[in-house]
Amino acid sequence: MQLFENITKMQEWAREQKKQGQSIALVPTMGYLHEGHLALVKEARRQCDKVVVSIFVNPIQFGAGEDFEQYPRDLEQDSALLEKERVDALFSPGIRDMYPGSFQTFVEAYGEITEKMCGASRPGHFKGVTTVVSKLFNICQPDRAYFGQKDAQQLMIVEKMVRELNFPLEIIRVPIVREKDGLAMSSRNVYLSPEERAEALVLYRALKMAEEEIKNGEREIGIIRQKMEEMIEACPRAAIDYIAINNANDLSELQTCTGKVLIALAVKFGKTRLIDNLIVEV
Ligand code: PAF
């Protein structure tokens, strides 16, 4: 596996692969890799000739008071994991290379899809994501880019951006990978104390309960949300950021649970904010 820290070198390598007729997969990450990331890498490996993984903790997608400084980092361990997965190139640029002092150009998506859920709780977050993802696409020139369904809103915004700005690539959705007990894999899980870790199972339990309610015929969004709230609020360490039940195609509001429904939530345990979601087809 080749390591690229330099943007121009990464771009030259990608250009050379394209010249030789090789398809390129990009798996954008912020590192501290877990099985969820590796599922993206495995899918990329299966579908493309060359696999590039980027590791960059993107400062502009973190708000003031969020966990940019504390975000876990371990490039050595990540490299070893990626070698095992037969990744061709690891792109790990420096912050000043990605955002020189003069940097003033951003890519921003607007509308309902960005305004609710994480967009409401983390102002500026998605502008940071769409900007860095656009840069990564221009640098690594992928034919396909792989994103996890755990960040459902991010995935939908990136898909919309790719469509609307005509990026010549395909976005591949990869299902959520969970621990055996149901907790969605996340680099942030390492922040949890044992007590918080135990209580964090309530996210998936609440989602499954909502799914069950819908399958049993409940269609009232208010009732489902209230039941989820009650279940989560019974955990003393949990603080709900949001519970959202929306159209899974575009995050538009639903009158009742019909069609493809995205149930998503964000819950804080101490300083750790976890997200999870599930799609139900009614
Ligand atoms: O999902 C992530 O890890 C990040 O938001 C991404 C897509 C790598 C952009 O920094």
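Please treat every number below as a calculation from the coordinates, not as lab data. Nothing here was measured: the structure is a model prediction, and the numbers come from that model. Here the Cβ positions follow ideal geometry from the backbone for every residue, glycine too, while neighbour counts run over all protein chains shown.
If we count other beta carbons within 10 Å of each Cβ, what is the order of Ser102, Ser79, Ser121, fewest first?
Values: Ser102 6, Ser79 19, Ser121 15.
Fewest-to-most ranking of Ser102, Ser79, Ser121: Ser102, Ser121, Ser79.
As a check on your grasp of the helix formula, calculate [θ] at 222 nm for the chain: sum -39500 (n - 2.57) over DSSP H runs of n ≥ 4, divide by the residue count, round to the nearest 500. If you can, show how the numbers build up before the last one.
Values: 11 runs with 110 residues, N = 282.
It lands at -11500 deg cm²/dmol.
Please list, ordered by chain and number, the residues whose modelled amide H lies under 5 Å from the amide H of Tyr32; skip anything fewer than 5 residues away on the same chain.
Amide H neighbours of Tyr32, under 5 Å, 5+ apart: Asp74.
For segment 47-197, what does the relative contact order come out to in percent, with C-alpha contacts under 8 Å and a separation of six or more? Write out the running numbers ahead of the final one.
Numbers: 139 pairs, mean separation 34.6, N = 151.
The value is 23 percent.
Which whole-number percent is the relative contact order of segment 129-276 (Cα, under 8 Å, 6+ apart)?
Details: 188 pairs, mean separation 28.3, N = 148.
Reported relative contact order: 19 percent.
Where in segment 51-84 are there chymotrypsin sites (Phe, Trp or Tyr not before Pro) that are in a DSSP coil and have at most 16 other Cβ atoms within 10 angstrom of their Cβ? The partial results should precede the final answer.
Working: sites: Phe56, Phe62, Phe68; in loops: Phe56, Phe62, Phe68.
Answer in residue order: Phe68.
Contact order normalised by length for the chain, with contacts defined as Cα pairs under 8 Å and 6 or more residues apart; what percent is it? Let's see the in-between values first.
Values: 485 pairs, mean separation 49.0, N = 282.
So the answer I get is 17 percent.
Which listed residue (Gln22, Thr8, Leu38) has the Cα farthest towards the positive end of the charge dipole for segment 1-63, taking +1 on Lys and Arg C-beta and -1 on Asp and Glu C-beta about the Cα centre?
Checking the options against the dipole of segment 1-63, the answer is Gln22.
What is the dipole size for the chain, taken about its Cα centre, with +1 at each Lys and Arg Cβ and -1 at each Asp and Glu Cβ, in debye to the nearest 20? Don't skip to the end; give the middle numbers.
Details: 36 positive and 42 negative charges, 114 e Å.
It comes to approximately 540 debye.
Which percent, nearest 5, of DSSP beta bridges in the chain are antiparallel? Please list the in-between numbers first.
Values: 21 of 40 bridges.
Roughly 50 percent of the beta bridges in the chain run antiparallel, per DSSP.
Mind listing the phi-derived Karplus ³J(HN,Hα) values for segment 209-224, rounded to whole Hz, using 6.51, -1.76 and 1.60 with θ = phi - 60°, and x for any glycine or proline?
Residue by residue, segment 209-224 yields 5, 4, 4, 4, 4, 5, 5, 7, x, 5, 10, 7, 4, x, 5, 5 Hz.
Using a 10 angstrom Cβ neighbour count of at most 15 plus a DSSP loop assignment to flag exposed trypsin sites (Lys or Arg not before Pro), which longest range of the chain is free of such sites?
Values: sites that count: Arg73, Arg86, Lys180, Arg219, Lys271.
Free of exposed loop sites, the longest segment is 87-179.
Using only the alpha-carbon atoms of segment 94-150 as identical scatterers, what base-10 log of I(q)/I(0) does the Debye formula give at q = 0.26 Å⁻¹?
Result of the Debye calculation: -1.16.
What does the charge count near Gln2 come to, summing +1 for each Lys or Arg and -1 for each Asp or Glu among other residues with Cβ under 15 Å from its Cβ?
Numbers: positive: Lys9, Arg15, Lys50, Arg86; negative: Glu5, Glu12, Glu16, Asp49, Asp78, Glu83, Glu85, Asp88.
Overall, the nearby charge balance is -4.
To the nearest 20 debye, what is the magnitude of the charge dipole of segment 52-127 about its Cα centre, counting +1 on the Cβ of each Lys and Arg and -1 on the Cβ of each Asp and Glu? Please report the intermediate quantities before stating the final value.
Details: 7 positive and 13 negative charges, 36 e Å.
With Lys and Arg at +1 and Asp and Glu at -1, about 180 debye.
Which of His34, His125 has the fewest other C-beta atoms within 10 Å, and how do the rest follow up to the most?
On the way: His34 16, His125 20.
Lowest to highest Cβ neighbour count: His34, His125.
What list of ³J(HN,Hα) couplings, whole Hz, do you get for segment 121-133 from phi and the Karplus terms 6.51, -1.76, 1.60, once you set θ to phi - 60° and write x for glycine and proline?
3J(HN,Hα) across segment 121-133, in whole Hz: 7, 10, x, x, 4, 6, 5, x, 5, 5, 5, 5, 5.
Lysines near Lys84 by alpha-carbon distance under 30 Å, same-chain residues fewer than 8 away left out - which ones?
Of all the lysines, those that pass the test against Lys84 - Cα under 30 Å, at least 8 places apart if same chain - are Lys9, Lys18, Lys19, Lys42, Lys50, Lys135, Lys150, Lys180.
For the chain, what does the equivalent ellipsoid look like in terms of its semi-axes, each the square root of 5 times an eigenvalue of the Cα gyration tensor, given largest first in whole Å? Kindly include the intermediate steps, with their values, before the conclusion.
Values: eigenvalues 217, 83, 67 Å².
Working from the Cα gyration tensor, I get semi-axes of 33, 20, 18 Å.
Report the residue, chosen from Val190, Val158, Val267, that carries the largest GNM mean-square fluctuation when the chain is represented by alpha-carbon nodes joined by springs under 10 Å.
Fluctuation is largest for Val190.
Where does each of Thr130, Thr105 land when they are ranked from fewest to most other beta-carbon atoms within 10 angstrom? Please report the intermediate quantities before stating the final value.
Numbers: Thr130 23, Thr105 8.
With the fewest neighbours first, Thr130, Thr105 line up as Thr105, Thr130.
Taking 0.36 nm per residue of sequence separation and subtracting the Cα-Cα distance, how much length would be gained by fully extending the chain between Glu159 and Lys18, in nm to one decimal?
48.5 nm
With +1 on each Lys and Arg Cβ and -1 on each Asp and Glu Cβ, how big is the dipole of segment 1-71 about its Cα centre, in debye rounded to the nearest 20? Display every interim value, and only then the final one.
Values: 8 positive and 9 negative charges, 111 e Å.
In debye, rounded to 20, segment 1-71 gives about 540.
Which net charge results when you count Lys and Arg as +1 and Asp and Glu as -1 among the other residues whose beta-carbon is under 13 Å from that of Val280? The partial results should precede the final answer.
On the way: positive: Lys208, Lys215, Arg219, Lys260; negative: Glu211, Glu212, Glu213, Glu218, Glu281.
Local charge sum for Val280: -1.
By DSSP, what percent of the beta bridges with both residues in segment 147-282 are antiparallel, rounded to the nearest 5? Write down the numbers at each step before the final one.
Details: 21 of 23 bridges.
The antiparallel fraction comes to roughly 90 percent.
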